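No lab work stands behind these numbers, since they all come straight from the coordinates. Given the structure is predicted, the values throughout are model-derived calculations rather than measurements. Here the Cβ positions follow ideal geometry from the backbone for every residue, glycine too, while neighbour counts run over all protein chains shown.
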Amino acid sequence: MRLILKKEIFLFICITGLLLVNSVTAKEKIHAKPSVQIETLLQSSASWDGQPYKSYPDGPPELSVLKITIPANTGLPWHTHPMPNAGYVLSGELTVQKKETGETKLLTAGQVLPEMVDELHRGYTGDMPVVLIVFYAGTKGMPLSRHE
């Protein structure tokens, strides 16, 4: 009988201890500050076809950030960019194609593409629309793209 009572007391102490530890841990989590998370999505000195970027355009810098929505089953016209830029795919799938070689690259949501400079290329969608965020590093008054 005493042995059973000692086991019950021991079990009670263990459970109480676990509850206290969990309570302290929960309170620490409530008061803990979230840490800043940094994830490099792209760091490149060359466009997606491997061509190195030569330089930034001369003149006063002007950054542009565009949100571009492309409907399903749509092809963009052949175009060039006069400055380095990068596109981030928020949703959908986009295929980019280099005109000179026909080389293509498929991009899906969450991927980043270092764009081509002064090379004819285009993008086209499949059965889903695509939403892109594109970052351009140009100069004041410089067009973001030129169409063929």
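Annotations for the structure displayed:
- Applying the criterion of being assigned to a loop (DSSP other than H, G, I, E, B) and not small (Gly, Ala, Ser) to the residues of region 131-148, the residue that is nearest to Gly59 (Cα to Cα) is Lys140.
- Test for Gln43: is it over 18 Å from Glu148 (Cβ atoms), free of Cβ contacts under 8 Å to residues at least 24 places away in the same chain and either exposed (fewer than 13 other Cβ atoms within 10 Å of the Cβ) or charged (D, E, K, R) (or both): yes
- Scanning region 97-130 for residues being surrounded by 16 or more Cβ atoms within 10 Å (Cβ to Cβ), in a strand (DSSP E or B) and under 17 Å from the mean Cα position of the chain (by Cα) gives a total of 5.
- Residues (in contact with a Phe, Trp or Tyr (Cβ under 9 Å, 6 or more places away or on another chain), surrounded by 17 or more Cβ atoms within 10 Å (Cβ to Cβ) and among the aliphatic types (A, V, I, L, M)) located in region 66-96: Ile70, Leu76, Met83, Ala86, Leu94, Val96
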